[in-house]
Amino acid sequence: MGEEIKVIVFKLGSEEYGIEVDKVQTIERMLPITRVPKTYAFVRGVINLRGVVIPVIDLRGRFGLEETEYTDQTRIIIVAVNEMEVGFIVDSANDVIDLHTDKIETPPEVVGGIKAKYLDGVAKIGDDRLLIMLNLSEVLNKNEIIQLESLEE
Amino acid sequence: MDMNQYLSMFIDESNDHLQSLNENMLLLESSPTDLSIVQVIFRSAHTLKGMAATMGFEDLAALTHQMENVLDLVRNEKLAMQDFIFDTLFKGLDALESMVQDITEGGEGKADVSAIVTALQAIVRGEDPSAKPTAANGQNAAPANEANKAIGLDEFQYAVLNQSIEAGHRVLYIDVHIRENCQLKAVRAYMVFELLERSGEVVKSFPSTQDIEQEKFDFSFSLYYITTKDPAELQRQIMGISEIEKADVTELDAETLKQVSEAGAASQEAAAAVAAPTSEDKGQDAPAPKQAQASEKQAPAAKTPAKTGSAVPTRTIRVDIERLDVLMNLFSELLIDRVRLEQLASEVQNHALTETVEHMTRVSTDLQDIVMKLRMVPVDTVFNRFPRMVRDLAKSLDKKVDLIITGADTELDRTVIDEIGDPLVHLLRNAVDHGVEPVADRISAGKPETGTVHLRAFHSGNHVFIEIEEDGRGIYRDKVLKTALKKGVVTEEQAAGMSDEEVHQLLFAPGFSTAEKISDVSGRGVGLDVVKAKITSLGGQVTIYSTPGKGTNFSVQLPLTLSIIAAMLVKMGSEKYAIPLSSIVETGIVKKGQIRTVHGNKMVEFRGTLIPLISLSRIFNIKDFDENEEDETEIIVIHKGERLAALAIDQFIGQNEIVLKSLGKYLPQIKGISGATILGDGQVALILDPNVFIK
């Protein structure tokens with residue numbers, strides 16, 4: 001049986017993505033980022049979020065999408081998963097919607113260039129809007145990153 | 001009554017008492033005839049028993065009770081301390097500790113202690129092996145001829161009493177009645193016991209001492225008592241305690257005693273039945289004047305039991321550790337704001353503002369001192385379990401070892417204290433197992449039979465040193481190198497060129513163990529590398545000093561605290577980094593011409609020696625700064641132990657107190673970066689770990 005969930009909607013390029021609201025701590029405008037050397041390429045650095053140091057990753061970089069300049073619309077979504085706090089840099093975040101889990105369908109193999117394993121599914125909202133639900137623990141899965149890194153070397 | 005609110009107090013105090021028991025037992029072991037120590041032990045045990053019983057931890061109370069029995073015999077010189085008694089008592093203490101531990105973790109504090117209890121009882125019985133035959137003689141059962149002497153005696157108690165009579169002591173049967181309007185009858189009873197125990201020994205009481213302490217008795221109790229005092233005098237003294245209505249003191253001779261003992265334990269219930277009406281009878285003729293006197297005395301008297309057993313009151317309070325952590329965090333926030341204010345004030349150039357900020361800085365510096373001190377804990381909290389550990393260890397290895405602790409009052413931040421225990425255990429085990437030789441070897445080496453392990457703690461600058469030094473066999477360079485070669489830790493070439501200090505450091509290499517045979521205690525090749533890793537992660541260092549044949553000294557250097565450090569802030573192009581002051585030797589400027597290249601590595605001259613010049617901008621891929629393009633480069637000379645290196649940097653910003661923050665769980669460990677801090681302008685600066693740069 002499905003249930004109603006609230007979902008934060010954000011954009012990367014023209015695609016719309018969703019994260020369940022209870023995994024999101026806060027959404028911030030761009031903050032000064034301190035670069036952290038010698039770490040994953042998509043880690044932009046760390047920010048000071050009210051006294052707590054939080055790493056931020058560029059979600060475009062994480063998904064292997066082309067990176068763009070940050071604009072007024074750029075947001076940092078702070079999520080907390082598995083006791084980790086991480087900030088995602090996204091193109092914009094401006095919507096919270098109610099979604100019925102029954103509407104989420106298994107994703108096709110590749111959506112918007114993102115591997116299916118990072119996704120929980122795709123939901124059709126409205127007439128022609130597709131919402132891609134992120135699987136946060138996969139996105140933040142460090143084991144896979146380590147494998148990726150070693151492949152590159 | 002809801003006991004939960006008292007639980008944490010109970011746990012704290014139990015731990016205190018257990019600790020004091022452990023310490024005093026060790027003291028006693030070194031001077032087994034010092035009865036004053038036994039008294040202290042007995043009091044601790046007694047208090048512990050009382051607390052456990054009150055809190056309803058029956059097993060804990062029962063075991064303590066048995067230990068108390070043994071101690072009681074010792075303190076009354078009925079039993080001489082012997083090795084096996086110590087061992088059993090220590091086992092008892094261990095069991096008590098694990099029970100308290102269980103309670104701490106939310107358990108019931110239940111444990112099967114029957115083996116230890118049996119052992120303890122055996123010790124108590126061991127006092128008089130002839131007890132059994134004597135008691136067996138009393139088969140021709142005859143009813144006790146006096147109703148109020150009906151409390152039963154078991155074989156052992158009978159034996160003790162009988163022996164006392166033979167030894168010329170007086171055995172008294174005392175029946176005490178407390179006034180029925182008495183509010184705190186347990187306290188009164190306690191006072192009676194207290195009085196009696198001053199001049200003799202209570203062998204048996206009915207109801208049991210435990211029940212009496214828990215107020216599980218009517219208004220009377222009876223007991224058997226051994227003393228040398230005059231019964232009439234004793235009666236007068238008991239009556240001197242307020243709210244005691246009546247005290248019958250009867251002296252028993254061997255014959256009556258025998259009759260009483262024959263009544264046996266079975267008649268106890270009957271005795272209770274008899275005792276109850278008796279007390280009612282005698283309740284009638286309560287002398288009135290005494291009653292008034294009693295209520296006057298009640299208040300001061302009630303305090304007496306509270307005082308005994310607990311230590312001299314100190315002017316301290318217990319504070320939840322979490323609150324201190326919160327305080328520390330809040331203070332860190334304040335510190336960040338202070339730095340920010342300082343920055344603003346220097347920009348605004350307003351005299352009044354600058355003055356205020358300066359004052360605030362002074363106050364907050366003092367405040368910081370205090371907050372830091374609050375979190376300081378004497379290393380004794382870690383050291384106190386070591387004497388016991390070393391004792392057990394030495395025993396199991398059949399070695400003789402004296403542990404001498406100095407500087408146990410040296411204070412360290414709690415965060416460091418929490419982490420330092422295990423590494424020290426490893427080092428001590430190592431010292432006793434590998435360092436101190438077996439007795440035979442020591443004698444043939446012309447050393448005293450007993451090895452000495454010094455455990456020292458002392459302050460030096462911004463660090464605390466903990467040294468573990470033994471007068472054992474020392475470290476032999478050749479032996480270490482041989483093993484290292486065999487295990488592939490070093491190559492022959494490397495080995496030849498190594499200094500003694502470097503050879504010693506090999507002991508910390510993973511998978512290294514010099515002990516020829518693997519023992520229970522240490523020598524499985526794990527341990528020292530873990531010790532080193534742990535201490536390094538705490539921002540400390542381990543150094544080994546050793547003279548072959550004379551002994552070894554493991555010196556552990558630790559930072560005072562882990563949460564606030566003094567650091568030098570530097571700029572690298574647009575980026576800012578913090579370098580802990582503790583690693584910095586000096587700052588300076590070198591001209592391009594002074595930089596030499598040796599084997600492709602850049603070196604600079606520093607006080608007559610060449611030291612490597614490390615390019616931070618290259619290591620950290622800093623894009624907008626390259627020292628090679630500058631004619632003059634600022635350098636920071638850092639050290640790791642004796643070794644030095646210079647970091648090329650762009651600009652000094654200044655020295656600051658910084659608050660350590662972690663980078664969060666998501667990022668993996670980054671080589672060369674130990675954490676982050678928040679600067680006055682709200683930006684994050686990374687903290688360098690200079691140790692990594694010096695190989």
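Just so you know, all these numbers are worked out from the coordinates, no wet-lab data involved. Small disclaimer: the values here were computed from a predicted structure and weren't measured. A quick note on method: Cβ atoms are made from the backbone with ideal geometry, for glycine too, and the neighbour counts reach across all protein chains shown.
Brief remarks on what is shown
- Vicinal HN-Hα couplings computed from phi for the range B:329-345 (Karplus, 6.51 cos²θ - 1.76 cosθ + 1.60; Hz; Gly/Pro x): 4, 4, 5, 4, 4, 4, 4, 5, 5, 4, 4, 4, 4, 4, 4, 4, 4
- Calculated FRET value between B:Arg323 and B:Asp409, using beta carbons and R₀ = 25 Å, to 0.05: 0.55
- Around the amide H of A:Glu15, modelled in the peptide plane, lies no amide H under 5 Å away from a residue 5 or more places distant or on another chain.
- Across A:Gly87, A:Gly64, A:Gly51, mean-square fluctuation computed from a Gaussian network of chain A (C-alpha pairs under 10 Å connected) peaks at A:Gly51.
- Options B:Leu353, B:Leu367, B:Gly451, ranked by Cα towards positive dipole end of the range B:335-475, top entry (Cβ charges): B:Gly451
- Inter-centroid distance (Cα atoms) of the range B:40-77 relative to the range A:31-54, Å: 58
- Per DSSP, loop GluC sites (Glu not before Pro) in the range B:402-459 with at most 13 further Cβ within 10 Å: B:Glu449
- Derived scalar couplings between HN and Hα for the range B:212-223 equal 5, 4, 8, 6, 8, 8, 6, 9, 9, 8, 10, 7 Hz in order, rounded to whole Hz, by the Karplus curve 6.51 cos²θ - 1.76 cosθ + 1.60 (θ = phi - 60°), x for Gly and Pro.
- C-alpha center-to-center spacing [the range B:417-438, the range B:171-222] in angstrom: 49
- Using a simple spin-label model with pseudo-atoms 7 Å out from Cα toward Cβ, B:Lys487 and B:Glu215 lie 6.3 nm apart.
- Sparse packing (at most 14 other Cβ atoms within 10 Å of the Cβ) combined with a DSSP loop state is found for the following trypsin sites (Lys or Arg not before Pro) in the range B:595-681: B:Arg607, B:Lys623, B:Lys665, B:Lys671.
- A straight Cα-to-Cα reach below 13 Å connects B:Lys602 with the aspartates and glutamates B:Glu627, residues fewer than 8 places away in its own chain not being considered.
- With respect to chain A, whose longest principal axis is taken over its alpha-carbon atoms, helix A:142-152 is tilted by about 60°.
- Taking 23 Å as the limit for the C-alpha separation, the pairs A:Lys117/B:Lys671; A:Lys11/B:Lys661; B:Lys623/B:Lys671; B:Lys78/B:Lys216; B:Lys571/B:Lys592 exceed it in the case of A:Lys117/B:Lys671; A:Lys11/B:Lys661; B:Lys78/B:Lys216.
- Each residue, B:Asp253 and B:Asp398, gets one label point 7 Å from its Cα in the Cβ direction; the gap between the two is 5.7 nm.
- In plain terms, the chain from B:Leu184 to B:Lys110 could stretch by 23.7 nm, reckoned as 0.36 nm per residue minus the Cα-Cα distance.
- B:Leu195/B:Arg125 FRET efficiency (R0 35 Å; Cβ-Cβ; nearest 0.05): 0.80
- Selected from A:Glu15, A:Glu69, A:Glu85 as most flexible by GNM, with chain A as the system and alpha-carbon contacts under 10 Å: A:Glu69
- Cα-Cα separations in the range B:441-512 greater than 19 Å, expressed as whole percent: 54
- Pairs from the list B:Lys49/B:Lys400; B:Lys447/B:Lys640; B:Lys486/B:Lys640 with a Cα-Cα gap above 31 Å: B:Lys49/B:Lys400; B:Lys447/B:Lys640.
- For the range B:622-672, the Kirkwood radius over C-alpha pairs fed into Stokes-Einstein at 4 °C and 1.567 mPa s yields D = 91 µm² per second.
- The phi torsions of the range B:436-441, fed into the Karplus equation with coefficients 6.51, -1.76 and 1.60 and a -60° offset, translate into couplings of 5, 7, x, 3, 4, 4 Hz, rounded to whole numbers, with Gly and Pro shown as x.
- Largest to smallest principal axis extent of the C-alpha atoms in the range B:397-447, angstrom: 44, 19, 14
- Per-pair calculated FRET efficiency, R0 = 56 Å: A:Gln73 and B:Ile589 via Cβ, rounded to 0.05: 0.75
- Low-density loop positions, GluC sites (Glu not before Pro), the range B:76-121 - DSSP coil, at most 16 other Cβ in 10 Å: B:Glu77, B:Glu105, B:Glu108
- The fraction of all Cα pairs in chain A landing in successive 10 Å bins from 0 to the largest distance is 10, 41, 36, 11, 1, given as whole percents.
- Convex hull volume of the C-alpha atoms in the range B:388-515, normalised per residue: 144 Å³.
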